[in-house]
Amino acid sequence: MPQQKWFARLRGQIKDRCGLGWGIADRNGDTQLTRRINDGKQHQNPRQSVQLGVPWNPACSGDIFLKVCQLKQLVDERHCSLAKAKKKLDAKDSATPTITRSVEDEDSGWEAVIDDFIDRRRQVNRATTMRDLNCHMKRVLKTLEKKPRPQSGADLMKAYARQHFKHCRPGGSGCFGDAGVSPTSRHHRNRDDAPRPQPQLG
């Protein structure tokens, strides 16, 4: 059986994540995203298309998938057209510092990005979830500040794991209290260490 082409797999992943109506195609080496509104059929079915600015290349499949998901989220949250969502995303990307530039040169731009992310999550997450998220994102910022700085998302995750995972207990949240034990791990430890009733003989 011939191996499935990379873009066929990617289209399947986009369908699983975003649902029907979201498609990608090659347009002169650039990736084009098309959204079918599904209000009608054939010529009465309106479509919206934008160029993602991401090369149509298997090495960029992760970037394509991420950008499609980001645009879909903006369309759903802002109830806007695909073109307006693309403009909003481009404006946000242009304001976000790149990993290859110094955090100091960007006037602590990553800190602002992380603060904005936390504020958005605070609207939908519980206080206990936010406590762990704040801890994780502080560690992300420390990882971004440490030289050599990560050059990609994959580099960031590897550096984060190298710097922080060694301190995590199995099953913990990765966010430690004063005693070096995460609240989740402490809870499980106390529960496991609790005395159990002994079986009665006779």
Hey, MET130 within 30 Å of SER61 (Cα to Cα), at pLDDT 75 or above and not polar (S, T, N, Q) or not: no
Among (1) modelled with pLDDT of 55 or more; (2) among the polar types (S, T, N, Q); (3) in contact with a helix residue (DSSP H, G or I) (Cβ under 8 Å, 6 or more places away or on another chain) - the single one SER173 does not satisfy: (1)
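The values are calculated or read from the model by the stated rules, or taken from the named source; none is laboratory data. This one's a predicted model, so the numbers in the text were calculated from it and none came from an experiment. Cβ atoms come from the backbone with ideal geometry, glycine included; neighbour counts cover every protein chain shown.
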